[in-house]
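These notes concern the structure reproduced below.
The values are calculated or read from the model by the stated rules, or taken from the named source; none is laboratory data. Bear in mind that the values here come from a model prediction, so they are computed numbers and not experimental data. Reconstructed Cβ throughout: ideal geometry from the backbone, glycine too, with neighbour counts over all protein chains shown. To get the accessible areas, we keep the full protein, side chains included, count just its heavy atoms, and leave off ligands, DNA and RNA. Shrake-Rupley method; radii C 1.70, N 1.55, O 1.52, S 1.80 Å.
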Amino acid sequence: MCRDSFSGPLLDRLTKTTGFQSPAMQNCQRFRQLLASRHMKLLFPALLASTFILSASGELMPTSAEVFGQKYGSLDNRATGEWWKRQGPQKKRKTMINLDVPRDQVIGFAVYTLEGSSLKMTAQLFPLKPDETQEVRLEVKEGDSWKEIAKQKIVYPGWSAHFRINDWDGTKDHAYRLRHAEKATFEGKIRREPTDKETIVVGNLSCNSSRTTGPRPLIIKNLIAQDPDILFFAGDQTYHHTQHTSGWLEFGMQFRDVMRDRPTITIPDDHDVGQANLWGENGIKATNAAGPSGGYFYAPEYVNMVQRQQTWHLPDPVDPKPIERDISVYFTDLTYGGISFAILEDRKFKTGPEGTIPKMGPRPDHINDPKYDRKAVDVKGLKLLGDRQLKFLNEWSQDWTGADQKVVLSQTAFCGAVHIHGGPTNRLLADLDSNAWPQTGRNNALREIRRATATHLCGDQHLAVSVRHGIDSFDDGPYAFTSPALVNTIYGRWWHPADAKAGPNPVPNSPLPWTGNYLDGLGNKITMLAYANPTNRSDEKQRADGYGLARFNKKTGQVTFECYKRFTDVTKDKDSQFPGWPLTFNFNDNDGRKATGHLEYKVDLKHPVVQVINEKTKEILYTKRVKASQGKLPVYSSDPHTIKIGKDKPARILRSGLIGG
């Protein structure tokens, strides 16, 4: 079981805690030498935690008990140890794909991101057998021939290989090929970065039910026809809680034909790491897999494996320090095609509700009492994004290098835009699983998003909605689009106000009856713009599943949300979108505060970045790129203000002591 071919990814685990302490590995002299090395303990983050770099020695792979601990001996065991012995008949509801594929098909799929000259790619393999090579090669096509440019050892558990190319030419398309041994290949294309494209199209997708197995033919056909520039999968790529490698491979096989030739952002949510709900609470140990106590229930090594498989290919984390129990982080940013994305981890630092607030429903995270005091659950000290991510957002909002617009990506929504959960008669006032709670944390996050005039995309809720957030007043915050579930066979949700009435200021001429201003169950202000309720949960074609597209026009600043039905053919059907979509707005309207005055500016820069600071409160009101070299900037008080300007960052003071007129 001892491997002498230690290299990069395994060393990432050799921090002050190793997480893998089996006697067999402790007897490995090389392993013990590495553990004793002080500088090895300080050099690397925990992203590839508890991993092995295997060699083709003919020895058996470690079992799940050896990798994740005796308590978790069944975790991911369809892909560990003698995995090929566990591919037989299964219960229908929990059927998983057969991992024992023909050996010329062991490369399942690949995901990648490109930022400037930095390419990161993950190759996901099916489990290998002890006598097979544990290496993957990356090739690019030059003329009529293939040239090998990199090779990487496969990381276990999880069977992934990871490539980083730091001198990539992103100005042109490149055909690529992954190879394992002599016969297994996987091909795709690294697209040139579309910096000159006027409108960047982002696929917004989430919640891929594992109860509905097999391909997703219409979704894939539609996406290929619509040709988004980049894909965002917001979480719950799989619901095979304790068998992530199987579930991740199943997801990848379903979507590989649209992921193979465009950048893809994937972030895991609660079900990906094996929990019904997740309040990560900085990595503490949860008391059960339902999650309300806060923390992660399953072994940190399993959580890190999930995060490695799904997020290694993203740009490196901006603040890589692991949280408690050496669980890795991945929150980061990516600029592509003139759009700057902040990629968040909503759940990782969030406080659990159990024991921290009064119980007001059948579960610690559900509230049913309409008379409850909203402030009673907004307890001082509760965390949502956490200090590290708020700091990241604040800094990200001020850096516009290569960006014309900004977008925040996260797992779930900053509101409770749901009234009915599970079944059509199960009305729930408030669900603390969403980012609607805690309310102070929600408002702090939205203020940072608004500071960047950023649009928000997310998933998780199994209900497509588009809203405009209110922080201090209705419509003073950013626009947001929660995607529908890709496949919604697990949990239905409905937007259905108890009085069945439209709110104030409903959307003019909307085909939907319940739009306008509302307070969610936690008292947060939202303006409902569109929603897609299931019409018949017993009919697979009326469960309101599908996906979203968001179009960002860099020339005009226009943003368009589109929401497509799962069972539609966009090349033929005229009503392929849900009623209420598309929706269009200007990205500047992500800051909806009412101006009390304006400050004039004039600079000798083309498309400058401008920042306005309230001198009395020291608050940065906003930082954004503007089209004109001169104009007027809104302010929201009679306090004196400072304008800072720059090419990509607000590098110098233009004027100070300005009062809006």
Residues of the stretch 228-239 classified as part of a loop (DSSP other than H, G, I, E, B) and either surrounded by 24 or more Cβ atoms within 10 Å (Cβ to Cβ) or aromatic (Phe, Trp, Tyr) (or both), total: 6
Close pairs (6 angstrom Cβ cut-off, 6 or more residues apart or separate chains): more than 14 Å from Ala123 (Cα to Cα) and in a helix (DSSP H, G or I) in the stretch 254-276, open to solvent by 10 Å² or more (accessible area, probe 1.4 Å) and among the aromatic types (Phe, Trp, Tyr) anywhere: His271/Tyr239
Criterion violated by Asn533 - all others in (1) under 29 Å from Ile219 (Cβ atoms); (2) touching a residue at least 60 places away in the same chain (Cβ under 8 Å); (3) surrounded by fewer than 19 Cβ atoms within 10 Å (Cβ to Cβ) satisfied: (3)
Number of the condition not met by Lys572 [criteria: (1) assigned to a loop (DSSP other than H, G, I, E, B); (2) touching a residue at least 24 places away in the same chain (Cβ under 8 Å); (3) open to solvent by 50 Å² or more (accessible area, probe 1.4 Å)]: (2)
Selected residue (only one of Arg211, Arg256, Arg260 is modelled with pLDDT under 95, surrounded by fewer than 22 Cβ atoms within 10 Å (Cβ to Cβ) and of a type outside the set (S, T, N, Q)): Arg211
Meets criteria (part of a loop (DSSP other than H, G, I, E, B), β-branched (Val, Ile, Thr) and without any contact (Cβ under 8 Å) to a residue 60 or more places away in the chain) for Thr642: no
The lone exception for Tyr112 - which of (1) under 29 Å from Gly188 (Cα atoms); (2) open to solvent by 50 Å² or more (accessible area, probe 1.4 Å); (3) of a type in the set (Ser, Thr, Tyr) it fails: (2)
Every residue from the stretch 431-444 that is of a type outside the set (D, E, K, R) and crowded, with 24+ Cβ neighbours inside 10 Å: Leu432, Ser434, Asn435, Ala436, Trp437, Pro438
Among residues of the stretch 335-378, those that are farther than 30 Å from Leu114 by Cβ and part of a loop (DSSP other than H, G, I, E, B), counted: 23
Number of the exception - Trp581 against (1) under 21 Å from Pro650 (Cα atoms); (2) outside any strand (DSSP E or B); (3) touching a residue at least 12 places away in the same chain (Cβ under 8 Å); (4) of a type in the set (A, V, I, L, M, F, W, C): (1)
Complete set of residues in the stretch 600-617 that are closer than 20 Å to Asp476 by Cβ and basic (Lys, Arg): Lys616
Residue among Gly294, Gly338 that is under 29 Å from Lys380 (Cβ atoms), open to solvent by less than 10 Å² (accessible area, probe 1.4 Å) and not charged (D, E, K, R): Gly294
From Ile219, Ile224, residue being in contact (Cβ under 8 Å) with a residue 60 or more places away in the chain, over 18 Å from Ile107 (Cα atoms), assigned to a helix (DSSP H, G or I) and β-branched (Val, Ile, Thr): Ile219
